[in-house]
Amino acid sequence: MNNSKYIGWDIGGAHLKVAGVNQTGALEFVEQFASPLWQGMEQLEKLFPKTIKQLPQGSLSHAFTITAELVDIFKNRQEGMNALIDLCEKNFGKNINLYAADEGIMKLESARKKTNKIASANWHASATYTASLVESGLFIDIGSTTADIIPFKNHQLDNRGVDDQSRLRFDELVYTGVVRTPLMSLTNKAPFQGEWQNVAAENFATTADVYRILTLLDEADDMMEAADGNSKDIEASMRRLARMMGTDATDSIQGKRWYKLAEYFEEIQLQVLTKAVLRVLSSSPDSGSKVVGAGAGRFLIKKIAQRVNVPYIEFSDLCDSDIQLQNKCNVCAPAVSIAQLNRQFSLA
């Protein structure tokens, strides 16, 4: 642990992710923390000092990627970037680096002049690091809230989108994830008791409930409150799912009914994501392509790779890490990638 000299930070609106690698690139530290920044900057202000205490001794270089400028406590992205960069400088000093899309790691002074390139560039860092190790394919990261689908070939990114707006247009960013996505955003009808029934347009349940019922979601990756603020067990998830259909889950014998309904919501989300993947693949077909999967929703990526008939590997397969760090390595892929790119930048 004492050899982790290069630290990568991914500051998101819902989670703070951090990773540390040593001089040879071996992953020695990786962690994720809940950080619901929409509740106020104090979420991050309190979390930074606590996280710093957990870092390996001897950490020399810190680099950041930031997506939290999107949260609605900021009136616009520029205000958010300024506030977040200021907070990073306050906690780590002026000798820090930030990641800018298409330009890579840069020093703080230069980064302040290019906040438009730094904003929401974590996908670019992850895909860039992946492309340096895999010749062609897609980097797909399905997290709690969004999915990134980034093509690359000949070890270079082949993305069409450059920011959130254009990435949404080209299906390289899909606003759907495995924890925070409201079920009402997936479909307005679902099969129930032999009929197609309207789904309540209310945030009674999220995808975390679906994947909790299906026992696919790792408990460690489920860091947000449930939609109703209550328990996060299967029984409570079934109650929330029943509300989406305008009824109650009062009979444990009906458990299979809610399981089948959860399967339907999973299928709808899979279809949304598979269509996006097929569109991105169609712009750059390559018989040697691979799908590299990251994020808490890797279980969906594996199914998508099978549907589109492309070989699947996990992001952690590209990393030198102990087996006990592999799940967090996948979930925190942007932080791991930033740490690796920071190491390369520092040693250059």
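With the requirement that a residue be in a loop (DSSP other than H, G, I, E, B) and of a type outside the set (Val, Ile, Thr), what does segment 10-37 give you? Lay out the reasoning, then the answer.
So the first thing to find is which residues in segment 10-37 are in a loop (DSSP other than H, G, I, E, B), and the list is 12-14, 22-26, 35-36.
If the condition is that a residue be in a loop (DSSP other than H, G, I, E, B) and of a type outside the set (Val, Ile, Thr), then Gly12, Gly13, Ala14, Asn22, Gln23, Gly25, Ala26, Ser35, Pro36 are the ones that fit.
Does Ala242 qualify as being exposed (fewer than 14 other Cβ atoms within 10 Å of the Cβ), hydrophobic (A, V, I, L, M, F, W, C) and assigned to a helix (DSSP H, G or I)?
Values: exposed (fewer than 14 other Cβ atoms within 10 Å of the Cβ): no; hydrophobic (A, V, I, L, M, F, W, C): yes; assigned to a helix (DSSP H, G or I): yes.
No; evaluated as a whole, the condition is false for this residue.
If a residue must be among the β-branched types (Val, Ile, Thr), part of a helix (DSSP H, G or I) and touching a residue at least 40 places away in the same chain (Cβ under 8 Å), how many such residues does segment 298-333 contain? Outline the logic, then answer.
Pass one, segment 298-333, residues among the β-branched types (Val, Ile, Thr): 301, 304, 308, 310, 313, 323, 331.
Cutting the leftovers down to part of a helix (DSSP H, G or I) gives us 301, 304, 308, 323, 331.
Imposing the further condition that a residue be touching a residue at least 40 places away in the same chain (Cβ under 8 Å) reduces the set to 301, 304, 331.
Summing the residues that are among the β-branched types (Val, Ile, Thr), part of a helix (DSSP H, G or I) and touching a residue at least 40 places away in the same chain (Cβ under 8 Å) in segment 298-333 gives 3.
Yes/no matrix, rows are residues, columns are (1) farther than 15 Å from Gln43 by Cα; (2) outside the structural domain of Ile338 (by TED's automatic domain parsing); (3) in contact (Cβ under 8 Å) with a residue 60 or more places away in the chain; (4) of a type outside the set (Phe, Trp, Tyr):
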{"site": "Leu87", "(1), (2), (3), (4)": "no, no, no, yes"}
{"site": "Ile96", "(1), (2), (3), (4)": "yes, no, no, yes"}
{"site": "Ala101", "(1), (2), (3), (4)": "yes, no, yes, yes"}
{"site": "Lys107", "(1), (2), (3), (4)": "yes, no, no, yes"}
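Looking at this structure, is Asp72 in contact (Cβ under 8 Å) with a residue 24 or more places away in the chain and of a type in the set (Asp, Glu)? Steps first, answer last, please.
Values: in contact (Cβ under 8 Å) with a residue 24 or more places away in the chain: yes; of a type in the set (Asp, Glu): yes.
For Asp72, the condition - in contact (Cβ under 8 Å) with a residue 24 or more places away in the chain and of a type in the set (Asp, Glu) - is met.
For Thr250, only one of the following conditions fails: (1) without any contact (Cβ under 8 Å) to a residue 60 or more places away in the chain; (2) in a helix (DSSP H, G or I). What is its number?
Unmet condition: (2).
Which of the strands (runs of 3 or more DSSP E) contained wholly in segment 92-207 include at least 2 residues that are surrounded by fewer than 20 Cβ atoms within 10 Å (Cβ to Cβ)?
On the way: elements: 97-100, 104-107, 137-142, 147-153, 189-192, 195-198.
Qualifying strands (runs of 3 or more DSSP E): 104-107, 189-192, 195-198.
Would you point out the residue of segment 50-64, among those that are touching a residue at least 60 places away in the same chain (Cβ under 8 Å) and either farther than 17 Å from Lys114 by Cα or assigned to a helix (DSSP H, G or I) (or both), that is farthest from the chain's Cα centre (by Cα)?
Residues of segment 50-64 that are touching a residue at least 60 places away in the same chain (Cβ under 8 Å), as a first pass: 60-64.
Those still in the list that are either farther than 17 Å from Lys114 by Cα or assigned to a helix (DSSP H, G or I) (or both) too: 60-62.
On the way: Leu60: 26, Ser61: 23, His62: 20 Å.
So the residue we want is Leu60.
Among the residues that make up segment 65-76, is at least one of them assigned to a strand (DSSP E or B) and at pLDDT 95 or above?
If we filter segment 65-76 for residues that are assigned to a strand (DSSP E or B), which is where we start, we get 65-66.
Next, only the ones that are at pLDDT 95 or above stay: 65-66.
Yes.
Given the options Ser289, Ser316, name the one that is crowded, with 16+ Cβ neighbours inside 10 Å, more than 27 Å from Thr181 (Cα to Cα) and in the same structural domain as Val21 (by TED's automatic domain parsing).
On the way: Ser316 fails: more than 27 Å from Thr181 (Cα to Cα).
Just a single option satisfies the conditions, and that option is Ser289.
Among the listed residues Leu261, Leu273, Leu214, which satisfies the condition of being closer than 21 Å to Gln306 by Cβ and in contact (Cβ under 8 Å) with a residue 60 or more places away in the chain?
Working: Leu261 fails: closer than 21 Å to Gln306 by Cβ; Leu214 fails: in contact (Cβ under 8 Å) with a residue 60 or more places away in the chain.
Just a single option satisfies the conditions, and that option is Leu273.
List the number of the failed condition for Glu263; all other conditions in (1) buried (at least 20 other Cβ atoms within 10 Å of the Cβ); (2) of a type in the set (D, E, K, R); (3) in a helix (DSSP H, G or I) hold.
Looking at each condition in turn, Glu263 falls short on (1).
The values are calculated or read from the model by the stated rules, or taken from the named source; none is laboratory data. These figures come from a predicted structure and were not determined experimentally. Heads up, the Cβs are rebuilt from the backbone with ideal geometry, glycines too, and the neighbour counts pull from every protein chain shown.
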